[in-house]
Amino acid sequence: MVGLGGSLRERSYSGAALRAGMAMAAELGFATETLDLRLLELPMYVPEQALADYPLECQASLRRYVSALRSADVMLWTTPAYHGAMSGVFKNAIDFMQLLAGDERPYLQGCAVGLLTLSDASPLSGMANCVQELRAWLAPTRVTLDSADFSPELTLNSASGQRRLGRLVMELRDFKASQG
Ligand SMILES: Cc1cc2nc3c(=O)[nH]c(=O)nc-3n(C[C@H](O)[C@H](O)[C@H](O)COP(=O)(O)O)c2cc1C
């Protein structure tokens, strides 16, 4: 499972939520790769620019990102609510999926995506549109957590948060199992 998200804040709840989801996935037997947007430091997407056209210092993170996307059969996307929508840094990462348009498997075709937001549910509809535009499958459970679901050390410790996120991760596992 490839996890994508977090914010640029060091004490990021969405980053902590992503880590919690990926830990649950690992417990269920998934091989996991977490793409934390604060650590990945993607540049801004420039339309019609190939990967090789981006500055040298961005090449390693871009190559890692694109390679993780190409191998993804299941993903978990996490963003905080920013002004009633997904964050800019998250949408910029989605825009880079245009680099997969000409692949034998275009975009995220055949991949299943689970959605997780922080603070409120407002980014979910836009994220779901992105999933479908990118030809991926949407997991039925969509999870919204907030800061009260976490300990001061940013551990997901609310029973309700763990139960809902666990259900989403199990749906992704069931999707993967159904693909053989
Ligand atoms: C620019 C900005 C816009 C925000 N807009 C909303 C919003 O529309 N609704 C909401 O409930 N919280 C909003 N928040 C609060 C964040 O969702 C909240 O602080 C969240 O924990 C930030 O994610 P992070 O901890 O991963 O950085 C906003 C915060 C920022 C910085």
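Taking only the alpha-carbon positions of segment 62-180 and ignoring solvent, what does the Debye formula give for the base-10 log of I(q)/I(0) at q = 0.15, 0.20, 0.21 Å⁻¹?
-0.71, -1.16, -1.24
Go ahead and estimate [θ] at 222 nm for the chain from helices alone: -39,500 (n - 2.57) per DSSP H run with n ≥ 4, summed, over the residue count, rounded to 500.
Working: 6 runs with 73 residues, N = 180.
Rounded to the nearest 500, it is -12500 deg cm²/dmol.
Give, rounded to the nearest 20 debye, the magnitude of the charge dipole that segment 79-180 has about its Cα centre when Lys and Arg contribute +1 at Cβ and Asp and Glu contribute -1 at Cβ. Write out the running numbers ahead of the final one.
Values: 9 positive and 10 negative charges, 54 e Å.
The dipole magnitude comes to about 260 debye.
If you place +1 on the Cβ of every Lys and Arg and -1 on the Cβ of every Asp and Glu, how big does the dipole about the Cα centre of the chain come out, in debye to the nearest 20? Show your work: numbers first, answer last.
On the way: 16 positive and 19 negative charges, 75 e Å.
I would put it at about 360 debye.
If you build a Gaussian network model of the chain, linking Cα atoms that sit under 10 Å apart, which residue out of GLY161, GLY84, GLY114 swings the most?
Of GLY161, GLY84, GLY114, the most mobile in the Gaussian network model is GLY84.
To the nearest Å, what is the center-to-center distance of segment 47-68 and segment 113-180, using C-alpha atoms only?
For segment 47-68 versus segment 113-180, the Cα centre distance is 27 Å.
With each pseudo-label sitting 7 Å past Cα toward Cβ, what's the ALA26-ASP146 distance in nm, one decimal?
A separation of 3.0 nm, rounded to one decimal place.
What trypsin sites (Lys or Arg not before Pro) in segment 115-180 are in a loop by DSSP, with at most 16 other Cβ atoms within 10 Å of the Cβ? Don't skip to the end; give the middle numbers.
Details: sites: ARG135, ARG142, ARG163, ARG164, ARG167, ARG173, LYS176; in loops: ARG135.
Passing both the DSSP loop test and the Cβ count: ARG135.
Using the 10 angstrom Cβ neighbour count as an exposure proxy, how do ASP149, ASP174, ASP73, ASP36 rank, fewest first? Write down the numbers at each step before the final one.
Values: ASP149 23, ASP174 12, ASP73 15, ASP36 19.
Starting with the residue having the fewest Cβ neighbours, the order is ASP174, ASP73, ASP36, ASP149.
The chain: longest stretch without exposed GluC sites (Glu not before Pro) (DSSP loop, at most 10 other Cβ within 10 Å), sites themselves excluded?
Numbers: sites that count: GLU10, GLU48, GLU104, GLU153.
In the chain, the maximal stretch lacking such sites is 49-103.
Set the Förster distance to 25 Å, then compute FRET efficiency between CYS58 and GLU33 from the Cβ-Cβ distance, nearest 0.05. Don't skip to the answer; put the middle values down first.
Working: r = 19 Å, r/R0 = 0.75.
With a Förster radius of 25 Å, E is 0.85.
For ARG105 and GLN179 in one chain, what is 0.36 nm times their gap in residues minus the Cα-Cα distance, to one decimal in nm? All intermediate terms of the calculation are to be shown ahead of the outcome.
Values: separation 74, 0.36 × 74 = 26.64 nm, distance 1.56 nm.
Roughly 25.1 nm would be gained on extension.
Can you give me the distance in nm between label points at MET44 and SER119, each placed 7 Å from the Cα along the Cα-to-Cβ direction?
Between MET44 and SER119, the simple spin-label model gives 2.1 nm.
If the elastic network links every pair of Cα atoms under 10 Å, which of LEU138, LEU165, LEU56 fluctuates the most in the Gaussian network model of the chain?
Answer for the Gaussian network model of the chain: LEU56.
A short reminder: the numbers here are calculations on the coordinates, not readings from a lab. Just so you know, these numbers come straight off a predicted model, no measurement behind them. Please note: Cβ atoms are built from the backbone with ideal geometry, for glycine as well, and neighbour counts cover all protein chains shown.
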